[in-house]
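Here the structure is laid out as structure tokens; the discussion comes afterwards.
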Amino acid sequence: MPIRINLMAEAQALEEARLHNPVKLGIWIAGFFVAVMGLWIAEVQLDIHFARNQVALRKATWDFNETNYNKITSEQSLISATKAKIAALDHLQTNRFLWGPVLNALQYPVVTQVTVTHIWGVQTFEREPNKSIGAGATQKVILGSANFEKVKLSISGKDYSPSAEGYKNYEDALNQSDFFAKKMGGREGFTIEGAPGPKVPDAPGSLMESRSFTLTNQFPEIRRNDK
């Protein structure tokens, strides 16, 4: 029987031991995990990059919408202010005191032997006074928020009637006018101011004598708010 001697046995044993070295195996395993970790980090970085792009896109969209929102709200405020001014003008137009209808109404009450010589009106605005609430340190002052419009109409004339009482008939004619009765809320708006003057000639040597008089009418005051 032949005898076989393996002269490479020692080298083969060393090679096999090298192949089965736990340190090398650990290095391979560690390298694998490092590679996996590197891939995971790369994926996370990509996700962060895409997320940042999404955030930038959303921010740009938000800024665009915010700019439009501010513009719209500013225009809405301007529109509201304009509407308020238009409403105030409409209110003033429909509620302001008009002298045209007054002069028109004065054409109709006519009394024989009574002549109107002057017609004038006084239209004033008085500010609502401030109001104080409380006293001492807790006292508060509320500013007046309205103006009161006051209108006074005066009519001067001459009475040529023999009894010199024609001005009373003219006063009654004015008070019976539907226009002034509606404006005054009654038929007693016009009153004599002071006392009628004495009967005097219209001119030196004239046979025509007249008595001067003045009638006044204070219209109801109108409250006009600032808003």
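One line per residue, one yes/no per condition, for (1) exposed (fewer than 10 other Cβ atoms within 10 Å of the Cβ); (2) charged (D, E, K, R); (3) on the phi < 0 side of the Ramachandran plot; (4) under 57 Å from the mean Cα position of the chain (by Cα):
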position	(1), (2), (3), (4)
PHE190	no, no, yes, yes
GLU193	no, yes, yes, yes
PRO196	no, no, yes, yes
SER206	no, no, yes, no
PHE213	no, no, yes, yes
PHE219	no, no, yes, yes
ILE222	no, no, yes, yes
For this session: Please tell me if LEU153 is buried (at least 19 other Cβ atoms within 10 Å of the Cβ) and under 30 Å from ALA87 (Cα atoms).
Result: yes
For this session: For region 124-157, name all the residues that are under 15 Å from PHE97 (Cα atoms), modelled with pLDDT of 90 or more and of a type outside the set (D, E, K, R).
Result: VAL151, LEU153
Exercise. Restricted to region 47-90, and to residues that are of a type in the set (D, E, K, R) and over 30 Å from ARG224 (Cβ atoms), which residue is farthest from the chain's Cα centre (by Cα)?
Worked result: ASP47
For this session: Looking only at region 104-114, decide whether some residue is surrounded by 11 or more Cβ atoms within 10 Å (Cβ to Cβ) and more than 26 Å from GLU165 (Cβ to Cβ).
Result: yes
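The values are calculated or read from the model by the stated rules, or taken from the named source; none is laboratory data. Keep in mind that what you see is a predicted model, and the values were worked out from it rather than measured. Please note: Cβ atoms are built from the backbone with ideal geometry, for glycine as well, and neighbour counts cover all protein chains shown.
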